[in-house]
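Only one structure is covered here, and it is reproduced in the block below.
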Amino acid sequence: MCAFKQLGIRYQHSLPLLDTTQLLLQGLPRPGTEATVPLRDFVEWVSIQNSRHNNFFAPKPRYRPYSLPSLSLFEPLLSHCLARWLLVDYKLNSYPYYDLNVVTMYTDFHQSLRITRSIVKFLKETAPDDLYQRINCFLVPLYDETKEIKIPDKKIRVIKHGALSANSSLFIEDPVYVLMINDVIRHLSHDYILKTDTLWKQCYVNIEQDSTRSRRFDSQMDYWCQLTYELLKEPLTKSGLSDTYIPSRLVQLFFILKQCVPEHKLIAMDLSQSRKPSLLQAFKDLCGKGSSYQPSNVLGPNDILSATEPTTFVSDFSQVKHLYGVINDGMKVCQVESLNDFAKDWTDLEQSAKILGANHLEIQAGQLSTSNITVLHG
């Protein structure tokens, strides 16, 4: 079992502490009962529940001009960029001693399946047959899938239990590439912490007997919140902030990857905060007196406690890179770059045209080059 369980802590009010898995199984407590939920788990529960009312893993609208950036306008071309990156890195580091293992974590199943199929097709068309035979692709949901999914592709296997599931069976000792393509990091819930005097306190949601919800702050943080706070303690101290969201679920996922796929190489992409510090701030950072800490942007409902729609967190990828490096003891080196820069290195329009056809590839390339998506990769 690879996923980590929440610590069962009881507080002074003696209400039981429920984690997201319990919330999904039981639903929020019924009238007449009480419970306490870390805000992180409550936000996650609301997002999953409201998404599943509309079928969480159903096809998402591919053209959403007023939402977070999508891959839909250039998805085929991006898939080929990813395939080239995988092929070159695999040949340099693992071939022929290990198979080419690719794990794609997802919340948008159909997008991930399209991209994985496109990668497999590209490799079939361009790689030697003996290399192609070594390809193994796995689609792993972020949360447990609610039904069995079977697809006819021999090279692609769909895993039912999510990466964040207590029942996760994910474990690969050999080298593996982990892909998080624009639909994972934004859905990883955060904890909210508040500083009073010199103490940082974690936000919890109290659910009362009449089902009303209220926030409570406690200096006794639960395991993942405390761990994330410790990892960010130094930049938080320098920041001068009195309250902030911290990416505790992202930290948990990075630890799960470290334990369950220890020889992995990560490539993740999503919307990231863009930060251009002033000259004064840059000088302070250089002297070690400034702060590189930037709180995540929270997109969604104004009142999280009465939310009826998913909440999205937009992280600073430089901090994601820092956390990933620290959690992996500095043994995994990553770089952060714009999707445009990544695509410049891995686009070959002539080769892609032979597989996809020449129609609209120039247009896709133009749309890809203007995307505000950021890439983190090894």
Nitroxide proxy distance, nm - points 7 Å out along Cα→Cβ at LYS344 and LEU68: 2.7 nm
Accessible area (Å², 1.4 Å probe, nearest 10) - HIS264: 10 Å²
Label-point gap, in nm, between VAL88 and ASN167 - each point 7 angstrom along Cα→Cβ: 4.2 nm
Shape metrics for segment 59-196, restricted to C-alpha atoms - Rg then Dmax, Å: 16.4, 62
Solvent exposure ordering (accessible area, 1.4 Å, most first) of HIS161, HIS360, HIS190, HIS322: HIS360, HIS322, HIS161, HIS190
Under Karplus coefficients 6.51, -1.76 and 1.60, residue-wise ³J(HN,Hα) of segment 171-182 in Hz, glycine/proline x: 7, 9, 7, 6, x, 8, 9, 10, 9, 10, 9, 6
Contour minus Cα-Cα distance for ARG215 and LEU305 (0.36 nm per residue): 31.6 nm
Rounded to whole Hz, the Karplus (6.51, -1.76, 1.60) HN-Hα couplings of segment 214-220, x for glycine and proline: 9, 8, 9, 10, 9, 6, 8
Largest-first principal axis extents of the Cα set of segment 300-374 (Å): 50, 39, 19
Calculated FRET efficiency for the pair ASP174/ALA358, C-beta based, R₀ 45 Å, to 0.05: 0.75
Net length gained if the chain between THR198 and SER369 were fully extended (0.36 nm per residue, minus Cα distance): 57.0 nm
Where ARG114, ARG157, ARG84 fall by accessible area, highest first, once all protein chains stay in place (1.4 Å): ARG157, ARG114, ARG84
Residues with amide H under 5 Å from that of THR311, placed H, sequence gap 5 or more: SER47
ASP243 long-range amide H proximity, modeled H, under 5 Å: LYS195
For segment 102-107, Karplus couplings with θ = phi - 60° (6.51, -1.76, 1.60), whole Hz, Gly/Pro x: 10, 10, 9, 7, 8, 10
Among ASN93, LEU68, MET105 - extreme Cα towards positive end, dipole of segment 68-130, charges at beta-carbon: LEU68
Solvent-accessible area of GLU230 with every protein chain in place, 1.4 Å probe, in Å² to the nearest 10: 90 Å²
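The values are calculated or read from the model by the stated rules, or taken from the named source; none is laboratory data. Here the structure is a predicted model, which is why all the values come from computation and not from measurement. Because the Cβ atoms are built from the backbone with ideal geometry, glycine has one as well, and the counts that use them run over all protein chains shown. What goes into the accessible areas is simple: the full protein's heavy atoms, side chains included, and nothing from ligands, DNA or RNA. Shrake-Rupley method; radii C 1.70, N 1.55, O 1.52, S 1.80 Å.
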